[in-house]
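Participant: I have a structure here, written as structure tokens, and I will follow up with some questions on it.
The values are calculated or read from the model by the stated rules, or taken from the named source; none is laboratory data. Everything numeric here is computed off the predicted structure, so don't read it as measured data. All Cβ positions, glycine included, derive from the backbone under ideal geometry; neighbour counts span all protein chains shown.
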Amino acid sequence: MIGKKFTKLVGLRKDHFDLFIESGQIQVQPARLIPSLKTGDEMALASIFLSSLRLVKEYRDNIFKELRLNRGGRAYYFTEATFPDIDTSRVDGLIVIVVKGLIQEAAFFEMKNKNNRVDKSQVERYLTLANKLKVTNLVTVSNEFVRDSSISPVKVRVPKHVLLSHFSWTYLRTIGQLLLFKNDDNIKDYDQVQIMQEVLAYISNPTSGVSGYTQMKVGWKDLVESVRAQKPMKVSDPYIEDALLSWYEEEKDIALLLSRKLGVLVKSTPKGKDSIKLDMLKLVKENYIEGMLSVKDSVSDIKVILEFERRIVSMSVKTIPPMNKGTQARISWIAKQLQNCEKQNAEVFNKIGSNIWIEASIKFAKENIKVNLSELDTLTELTKGKEIQAFHVVLNEGYGANFGSTKKFVELIENQILAYYEGIVQHMTNWKRPAPKLDQYF
């Protein structure tokens, strides 16, 4: 037994931590890969997730890196952590990281599944507890999406020495799936591969309570209806922010969807602290929202524009033609690129072909010259005497009334990005300037 009173986690000796467990001043359960809990229970998810971190090195390294946790110490994983002498709250998960016999870092985890949302008052309680115990991290996990793990679904004041992070279950699932692809970051140990596959099978099963982003927020529908009715809008209108945050979440979901299909992590638009204010101003003034998806080694970033007046979603990539040849040769080059797209996957290409537009970026011109793919041959006359610097291959899809549907919009845009990537993006290339050659008379 230990005679001293428990007051902190970080800075506590590990052997004293164990004695506090024996005395009941700390009450925890070891995280189990196969917990004796009902499928779909939040604590079952917490136990399985924490066990996957314990058992799969590459998965642990990815998550710890994002949480800025020490990857060199020895980590211990627990569920149902309570500290009766300090607070009555029960924390879903606890990780303590020990270096040279001392707990150097500790992280609390609060898990939600199904339609359960992160609770502000609960987060505030855990932040207060974390501050008292000198715990360095509080991590919330739910089906809610955020554009970055440093952003919380709830607005709370965070103590100076505590890092508040949030993961969606879809993100955690995606990171695990990426480790199973054949690449430089995949899991090396065969047994750990098997463990990761079992964990992902559980998380991917709907009975676990894990789901992707399936519905835009109510503010989305209000915004679409306001634009269609030409109602005056103000940045202060609550549905503006609601709709914009909804798009941020869907953009992240699309990026994760592509990540799982491609085996590389696709990044969505990077955001600064003023991004939402600037985007809200643009939305109110110009009735559109922009997004960006960055795929490693693709021809360019994929630009996404949501036009509320026309209820159109456009996706485009930029490609550079041979700059050592004339205008006609450059047009022939983009035509051959598109012919190759059709050759590679005629079924998908023909399904979207009528909605593909080619925009020629002209040197010194303020606007691009646009033609439908079916009229590509007219580009020769339209660009006569002009210098084409780049082409933008654009897919415009009109959603009509479904643009304002909170569920149908998600379904349509996810189908569009997959068709666009499969039919166009993955087959496009940029021209590369050839290496200089030695002068034969040198």
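Participant: Tell me yes or no: at least one residue of region 310-327 is in contact with a Phe, Trp or Tyr (Cβ under 6 Å, 6 or more places away or on another chain), in the same structural domain as residue 250 (by TED's automatic domain parsing), touching a residue at least 40 places away in the same chain (Cβ under 8 Å) and over 25 Å from residue 374 (Cα atoms). It would help to see each step written out before you state the result.
Facilitator: Here is the first cut: in region 310-327, the ones in contact with a Phe, Trp or Tyr (Cβ under 6 Å, 6 or more places away or on another chain) are 311, 315, 319-322.
If we keep only those that are in the same structural domain as residue 250 (by TED's automatic domain parsing) as well, we get 311, 315, 319-322.
Now narrow it down to the ones that are touching a residue at least 40 places away in the same chain (Cβ under 8 Å): 311, 315, 319-322.
Add one more test, that the residue is over 25 Å from residue 374 (Cα atoms), and what stays is none.
Taking every residue of region 310-327 in turn, none turns out to be in contact with a Phe, Trp or Tyr (Cβ under 6 Å, 6 or more places away or on another chain), in the same structural domain as residue 250 (by TED's automatic domain parsing), touching a residue at least 40 places away in the same chain (Cβ under 8 Å) and over 25 Å from residue 374 (Cα atoms).
Participant: Inspect region 2-21 for any residue being surrounded by fewer than 16 Cβ atoms within 10 Å (Cβ to Cβ) and at positive phi and give the result as yes or no.
Facilitator: Looking for residues that are surrounded by fewer than 16 Cβ atoms within 10 Å (Cβ to Cβ) and at positive phi, one finds at least one in region 2-21, hence yes.
Participant: Right, here's the next one. Suppose we filter region 301-317 for residues that are surrounded by fewer than 19 Cβ atoms within 10 Å (Cβ to Cβ) and over 18 Å from residue 412 (Cα atoms); how many remain?
Facilitator: Counting residues in region 301-317 that are surrounded by fewer than 19 Cβ atoms within 10 Å (Cβ to Cβ) and over 18 Å from residue 412 (Cα atoms) gives 1.
Participant: In addition: Could you pull out the residue among 400, 423 that is within 16 Å of residue 305 (Cα to Cα), in contact (Cβ under 8 Å) with a residue 12 or more places away in the chain and in the same structural domain as residue 297 (by TED's automatic domain parsing)?
Facilitator: Of the residues listed, the single one that is within 16 Å of residue 305 (Cα to Cα), in contact (Cβ under 8 Å) with a residue 12 or more places away in the chain and in the same structural domain as residue 297 (by TED's automatic domain parsing) is 400.
Participant: Just need a number here: residues in region 362-388 that are surrounded by fewer than 16 Cβ atoms within 10 Å (Cβ to Cβ) and not in a loop (DSSP other than H, G, I, E, B).
Facilitator: Count: 9.
Each row is one residue, and each column tells you yes or no for (1) outside any helix (DSSP H, G or I); (2) within 19 Å of residue 48 (Cα to Cα).
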| residue | (1), (2) |
| --- | --- |
| 146 | yes, no |
| 149 | yes, no |
| 152 | yes, no |
| 165 | yes, no |
| 186 | yes, no |
| 210 | yes, yes |
| 220 | no, no |
| 236 | yes, no |
| 243 | no, no |
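Participant: Looking for whichever is among the basic types (Lys, Arg) and free of Cβ contacts under 8 Å to residues at least 40 places away in the same chain here; the options are 14, 38. Which one fits?
Facilitator: It is 38.
Participant: Let me ask you something else. Select, from 123, 146, the only residue that is buried (at least 21 other Cβ atoms within 10 Å of the Cβ), at pLDDT below 95, assigned by TED's automatic domain parsing to the domain that holds residue 91 and out of contact with any Phe, Trp or Tyr (no Cβ under 6 Å at 6 or more places or on another chain).
Facilitator: 146
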